[in-house]
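Okay, structure first, notes after.
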Amino acid sequence: MSEPTSSGVRPGVATVTAARNAVATAFILNGLGFASLFSRVPDIRSGLDLDNSSLGLLLLSGALGSVLALPSAGALIRRSSAAAVVRGGSVLVAVGLVVVALGIDVASSVALSAVGLFVYGVGTGTWDVAMNVEGAAVERGLGRSIMPRFHAGWSLGSVTGAGIGVLVTAAGVPMIGHLALGAAVVLVAVPATRRFLPAEPESHAGSSGAAWREPRTLAIGLMVLAFALTEGSANDWLALAIIDGYDAPRWVGVGGFALFVIAMTTGRLLGTFFLDRYGRVPVLRATALLALGGLVLLLLGPHPVVVALGVLAWGLGASLGFPVGMSAGADDPAHAAARVSVVSTLGYSAFLAGPPLLGFVGDRVGTLQSLWVVAAILAPTALLVSVAREPDARD
């Protein structure tokens, strides 16, 4: 049964369906913008002549933009609407993509590239919170698990962006042409998100300050942090790990990243069935162990089939932690924006700490071997997932 809106009227099927399609569009476009940028990470490193530590610090500027913007996202949603925050975030994402490309291809400037990444980070971070809050509202309206499928939409956008990245990299297309096209697509298509559901009222207790003092919200955030590091380390380092660790051509490394994103998408499309059948906790435990096993296969290679199987298992295992964490944070609609803002802030801190940490380790033991850090963090994550238990399953 649908939840009441702020006016007290339950949204009809057509309204919820339109909102579902709008949210899916927002996720797809966000993923497209992301993969357009991160499929060019090897070109960022070579174009600016950076080592892994320096590249990690540069990527840190994007994560810093997101982490600084995320705490205010809940307040922005309450003061305007989730749809308005998505549209504003999309403008910043487009600007950030173009500035990064200018910094690499035109100015060869680390500083300008860092500014572009920071602007991109602010835009994608606020956009991320808003679309997850709205996605949780649609999930409640439908009365079944659908958040992983929204994140599958994000992954679908990423697959598309990564696939385009493989083609343009192999063809030698300059980054400025590639990222400018991605920015234009985002700006043209994002108005489709206007069909979001009306905002639901939040109590005073739903403020971000109160949410930061809630043990369950903080625990969910830590769980999301672990899964975000699992996912984010592949986004940042998988292509380079394959290139450096197995002396593979650049397009093979980008192809490995694309394979990971395909596995993520598959896991999110299939995950809703398992979540509805078995519940959040057993499924998250299984996926954490699957991701760990995939990382070990990748690291132990070097047979190409073993590496490919490892990438697939890693992607499948990393697929559900972030979306289920967003759903868990938004279980109570009266606190959804504030709690999702907190959970997202903690989750995005993995993107803040991950690039420089793995870059530092990679310069000392190799890019591929640095991924043992991720495996070590994944191992205890299976014990933390109980905090995401559904409301009707808690005492």
Next item on the list: Take the range 247-266 and flag every residue that is more than 17 Å from Val166 (Cβ to Cβ) and either of a type in the set (Val, Ile, Thr) or assigned to a helix (DSSP H, G or I) (or both).
Entry: Thr266
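Please work out which residue is farthest from Arg78 (Cα to Cα), limiting yourself to the range 315-372 and to residues that are small (Gly, Ala, Ser) and touching a Phe, Trp or Tyr at 6+ places or on another chain (Cβ under 6 Å).
Start the filter on the range 315-372 by keeping residues that are small (Gly, Ala, Ser), which leaves 315, 317-319, 321, 325, 327-330, 334, 336-338, 341, 344, 347, 349-350, 353-354, 359, 362, 366, 370.
From what's left, touching a Phe, Trp or Tyr at 6+ places or on another chain (Cβ under 6 Å): 315, 321.
Values: Gly315: 34, Gly321: 26 Å.
The residue in question is Gly315.
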Notebook entry, point to check: So which pairs qualify, if the first residue must be in the range 24-47 and without any contact (Cβ under 8 Å) to a residue 12 or more places away in the chain, the second must be part of a helix (DSSP H, G or I), the Cβ gap must be under 9 Å, and the two must be at least 6 apart or on different chains?
Noted result: Ser46/Arg250
Notebook entry, point to check: What single numbered condition from (1) under 29 Å from Ala107 (Cβ atoms); (2) among the small types (Gly, Ala, Ser); (3) in contact with a Phe, Trp or Tyr (Cβ under 7 Å, 6 or more places away or on another chain) fails to hold for Gly153?
Noted result: (1)
Margin query: Being surrounded by fewer than 16 Cβ atoms within 10 Å (Cβ to Cβ) and touching a helix residue (DSSP H, G or I) at 6+ places or on another chain (Cβ under 7 Å) is the requirement here; does Pro282 meet it?
Written below: no
Checklist line | Qualifying position, being under 16 Å from Leu68 (Cβ atoms) and at pLDDT 85 or above, among Ser319, Ser349, Ser341 | finding: Ser341
Checklist line | In the range 363-395, the residues that are over 21 Å from Glu139 (Cα atoms), not acidic (Asp, Glu) and not in a helix (DSSP H, G or I) | finding: Gly366, Thr367, Leu368, Leu384
Item checked: Spans of helices (runs of 4 or more DSSP H) in the range 12-83 with at least 2 residues under 15 Å from Met131 (Cα atoms) -> 13-38, 52-79
Notebook entry, point to check: Is one or more of the residues making up the range 267-286 in a helix (DSSP H, G or I) and over 21 Å from Ser145 (Cα atoms)?
Noted result: no
Next item on the list: Look through Leu117, Leu112 and report the one residue that is in contact (Cβ under 8 Å) with a residue 12 or more places away in the chain and either under 21 Å from the mean Cα position of the chain (by Cα) or at positive phi (or both).
Entry: Leu117
Check: Which numbered condition trips up Phe360, out of (1) in a helix (DSSP H, G or I); (2) surrounded by 24 or more Cβ atoms within 10 Å (Cβ to Cβ)?
Finding: (2)
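Say we look at the range 135-165 and pick out the residues that are assigned to a loop (DSSP other than H, G, I, E, B) and closer than 16 Å to Leu320 by Cα; which of these is modelled with the highest pLDDT?
Ile146
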Next item on the list: Hey, can you tell me all the residues within the range 163-172 that are within 14 Å of Asp43 (Cα to Cα) and in contact (Cβ under 8 Å) with a residue 60 or more places away in the chain?
Entry: Gly165, Val166, Thr169, Ala170
Note to self: Testing Ala336 on (1) surrounded by 24 or more Cβ atoms within 10 Å (Cβ to Cβ); (2) in contact with a Ser or Thr (Cβ under 9 Å, 6 or more places away or on another chain); (3) more than 18 Å from Val41 (Cβ to Cβ); (4) not charged (D, E, K, R), one condition comes back false. Which one is that?
What the structure shows: (2)
Item checked: Single match in Ser344, Ser349, Ser386 (criterion: surrounded by fewer than 24 Cβ atoms within 10 Å (Cβ to Cβ), of a type outside the set (Phe, Trp, Tyr) and within 20 Å of the chain's Cα centre (by Cα)) -> Ser349
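The values are calculated or read from the model by the stated rules, or taken from the named source; none is laboratory data. Just so it is clear, the structure is predicted and the values come from calculations on it, not from any experiment. Don't worry about glycine lacking a Cβ; one is built from the backbone with ideal geometry, like all the others, and counts go over all protein chains shown.
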